Amino acid sequence: FAILGETTGRDDKNPENGFNGGAGTGSRLENIWVEHTKVGWWVGAGTQNVTDGLVITGSRFRNLFADGVNFCNGTSNSVVENSHFRNTGDDALASWAPSFDGGVNTNNAFRFNTVQVPWRANCFAIYGGKDNHIEDNLCFDVVTYPGILIAQDFNSHPFAGTTAVQRNTLVRAGGSMWNEEHGALKIFAKEGPIAGLTVSDIEIDSP
């Protein structure tokens, strides 16, 4: 099944996304191709319909104007795995737990994914939340930002539990954005401390 959009620019007031909003408990998205939309799937609906147990697997997200997949608004116990992302206009994969709109993102995982050429922002990002993981992924050719960003930013809930970043490979990641030089891996405590972070077995090639 494919969603081939006709989006030509980013308008954040318009939910011109492949999939948008929360998912029912235990939902599964498998073998889907999303291209030429704003976001592949913005997973969240404020404090209503909080997503729990979503699995996204074996899918492709390409040529987007913003995020590939964003776990938001308290999304928990969910995973993106064995999927491919290319040419996203914001984070290819992000978990964002905004304190002003929803609960704490908990126990989510991005694993065994490949990301190529995000032209703005990161391959992978976690903004607050509890016990979230980025594991066993490949990231190639980031244009402007880190390959992996762990940040207390965007009014996110504080970090809690253990945030694990392990066994990832970052090739030609890092770049220039907002008058700053960003490394392949960045830990950014802009709005508060980042507690319980574990980083191990990261391969960085040609940053």
Next item on the list: Please work out which residue is farthest from G68 (Cα to Cα), limiting yourself to the stretch 31-50 and to residues that are at pLDDT 95 or above and touching a Cys at 6+ places or on another chain (Cβ under 9 Å).
Entry: V43
Note to self: Here are the criteria: (1) surrounded by 17 or more Cβ atoms within 10 Å (Cβ to Cβ); (2) within 24 Å of G58 (Cα to Cα). Tell me which single one K130 does not satisfy.
What the structure shows: (2)
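So that you can scan it fast, the table gives a plain yes or no per residue for (1) surrounded by fewer than 18 Cβ atoms within 10 Å (Cβ to Cβ); (2) assigned to a strand (DSSP E or B); (3) touching a Cys at 6+ places or on another chain (Cβ under 7 Å):
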| residue | (1), (2), (3) |
| --- | --- |
| G24 | yes, no, no |
| L29 | no, yes, no |
| I56 | no, yes, no |
| F61 | no, yes, no |
| A66 | no, no, no |
| T88 | no, no, no |
Next item on the list: Would you be able to tell me the number of residues in the stretch 90-99 that are in a strand (DSSP E or B) and either closer than 18 Å to A173 by Cα or of a type in the set (S, T, Y) (or both)?
Entry: 3
Notebook entry, point to check: Which of the residues spanning the stretch 100-130 are of a type in the set (G, A, S) and at pLDDT below 95?
Noted result: G102, G103
Next item on the list: Return a yes/no flag: does the stretch 100-121 have any residue that is closer than 20 Å to K190 by Cβ, assigned to a strand (DSSP E or B) and not polar (S, T, N, Q).
Entry: no
Note to self: So, in the stretch 155-207, how many residues would count as being at negative phi and among the basic types (K, R)?
What the structure shows: 2
Note to self: Being within 26 Å of V165 (Cβ to Cβ) and more than 15 Å from the chain's Cα centre (by Cα): is that true of E30 here?
What the structure shows: yes
Check: Would a scan of the stretch 172-189 turn up a residue that is under 15 Å from the mean Cα position of the chain (by Cα), buried (at least 17 other Cβ atoms within 10 Å of the Cβ) and outside any loop (DSSP other than H, G, I, E, B)?
Finding: yes
Checklist line | Hey, N155 buried (at least 18 other Cβ atoms within 10 Å of the Cβ) and either in contact with a strand residue (DSSP E or B) (Cβ under 7 Å, 6 or more places away or on another chain) or small (G, A, S) (or both) or not | finding: no
Margin query: Can you tell me which residue is farthest from G192 (Cα to Cα) among those in the stretch 123-136 that are without any contact (Cβ under 8 Å) to a residue 40 or more places away in the chain and part of a loop (DSSP other than H, G, I, E, B)?
Written below: D136
Item checked: Residue in the stretch 68-86 that is surrounded by the most Cβ atoms within 10 Å (Cβ to Cβ), counting only those that are small (G, A, S) and assigned to a loop (DSSP other than H, G, I, E, B) -> G68
Next item on the list: Tally the residues that are crowded, with 16+ Cβ neighbours inside 10 Å and not in a loop (DSSP other than H, G, I, E, B), restricting the search to the stretch 31-54.
Entry: 7
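The values are calculated or read from the model by the stated rules, or taken from the named source; none is laboratory data. These numbers come from a predicted model, not from an experiment. We place every Cβ from the backbone using ideal geometry, glycine too, and count neighbours over all the protein chains shown.
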